[in-house]
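Notes to accompany the following structure.
Just so it is clear, none of the values below were taken in a lab; they were calculated from the coordinates. Just so you know, these numbers come straight off a predicted model, no measurement behind them. As a convention, Cβ positions derive from the backbone with ideal geometry for all residues, glycine included, and neighbour counts pool all protein chains shown.
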Amino acid sequence: MGRAETVMSNLTGEQEEAGVTTQFNLLRSRLESEQKRLIGELEQLKASVRPANERREGSPFGKREEEATETLELETRLALEKRIIDQLAEIEHTLSKFENGTYGLCDSCGQPIDPARLEALPQANLCLSCKASQAKNAKSR
Ligand SMILES: [Zn+2]
């Protein structure tokens, strides 16, 4: 009986010391798996592009409609691709902050970012107040 209790209290003691590191390591692995997922998604998206000559085939009727659909598809695909690339860039930047030992600090003011915010959004690079003022600036542009 006494053994389990000793293990438990040892764990609690270690957690207090390494709490931040443990959280950051978890967030880092979450970011890394998210990075892998996005790279896979991007590859899938690129693989789904049909060759140009294949697109010309099909019914001669309703061609205009078909073309319109294709343009929309292309735009959606490009928008999606851009979003994934943006997300990947953000994650890569965040991972580089681990290397520099600046992870968890705001890119703009250098203050620590709220751990709850990091938990919800591991790739957050701005603290809430900088994020808010950035959003305000973007709107007034
Ligand atoms: Zn800030």
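Modelled this way, with points 7 Å down the Cα-to-C-beta line, the labels at LYS97 and SER33 are 2.1 nm from one another. Remark: for residue pairs LYS36/LYS131; LYS36/LYS97; LYS36/LYS82, the C-alpha separation exceeds 20 Å in LYS36/LYS131.
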